[in-house]
Amino acid sequence: MRTLDGIPAELNGALHAAVMARVGQYGGAVGSIRRDRDHDGDECIYVEVVYSMPDKPVDPKNIIGLDGILRDIAYEHGERGIIYVHNHFPHNQRIVATGSAYWLGDAPRDRRS
């Protein structure tokens, strides 16, 4: 079922559907799915998720939960390697408040919005 370089069509479709179900409400969609090797040389699958609705605040809990969902789907389709999910947000993406006074950067967050 597994191919050396490609992603089986059934797995590809299942991963696309799961991404849409979990983060499609924020404009999230699969940008690419590819098989590769990670920094340790282990076989893995990279799932790139691209977001297109910067004005709709993303809930970090939905983003975090996506990794486990995609891993379960891949495992059910015979994959045993690591699934890496890379989220690509627009520069001005809004995020649902997390309670922290800081972004991932150095400056305090503007809490007025």
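I need a count of the residues in the range 10-28 that are open to solvent by 40 Å² or more (accessible area, probe 1.4 Å) and either assigned to a loop (DSSP other than H, G, I, E, B) or in contact with a strand residue (DSSP E or B) (Cβ under 7 Å, 6 or more places away or on another chain) (or both). Count: 3. If you take the residues of the range 36-51 that are surrounded by 13 or more Cβ atoms within 10 Å (Cβ to Cβ) and of a type outside the set (D, E, K, R), which of them is farthest from residue 72 (Cα to Cα)? Ranking the candidates gives 51 first.
The residues on offer are 83, 69, 33, and the sole one that is open to solvent by 50 Å² or more (accessible area, probe 1.4 Å) and either among the aliphatic types (A, V, I, L, M) or over 15 Å from residue 13 (Cα atoms) (or both) is 69.
Among the residues of the range 36-55, count how many are outside any loop (DSSP other than H, G, I, E, B) and either among the polar types (S, T, N, Q) or touching a residue at least 40 places away in the same chain (Cβ under 8 Å) (or both). Even if it seems obvious, please write down each step before you answer.
Of the range 36-55, the ones outside any loop (DSSP other than H, G, I, E, B) are 36-37, 43-50.
Those still in the list that are either among the polar types (S, T, N, Q) or touching a residue at least 40 places away in the same chain (Cβ under 8 Å) (or both) too: 44, 46, 48.
Counting residues in the range 36-55 that are outside any loop (DSSP other than H, G, I, E, B) and either among the polar types (S, T, N, Q) or touching a residue at least 40 places away in the same chain (Cβ under 8 Å) (or both) gives 3.
Among the residues of the range 56-96, the ones that are hydroxyl-bearing (Ser, Thr, Tyr) and not in a strand (DSSP E or B) come to 1 in all.
The values are calculated or read from the model by the stated rules, or taken from the named source; none is laboratory data. Computed from a predicted model, the values in this text were never measured in an experiment. Backbone-built Cβ (ideal geometry, glycine too); neighbour counts: all protein chains shown. Accessible surface is based on the protein model in full, side chains and every heavy atom, while ligands, DNA and RNA are left aside. Shrake-Rupley method; radii C 1.70, N 1.55, O 1.52, S 1.80 Å.
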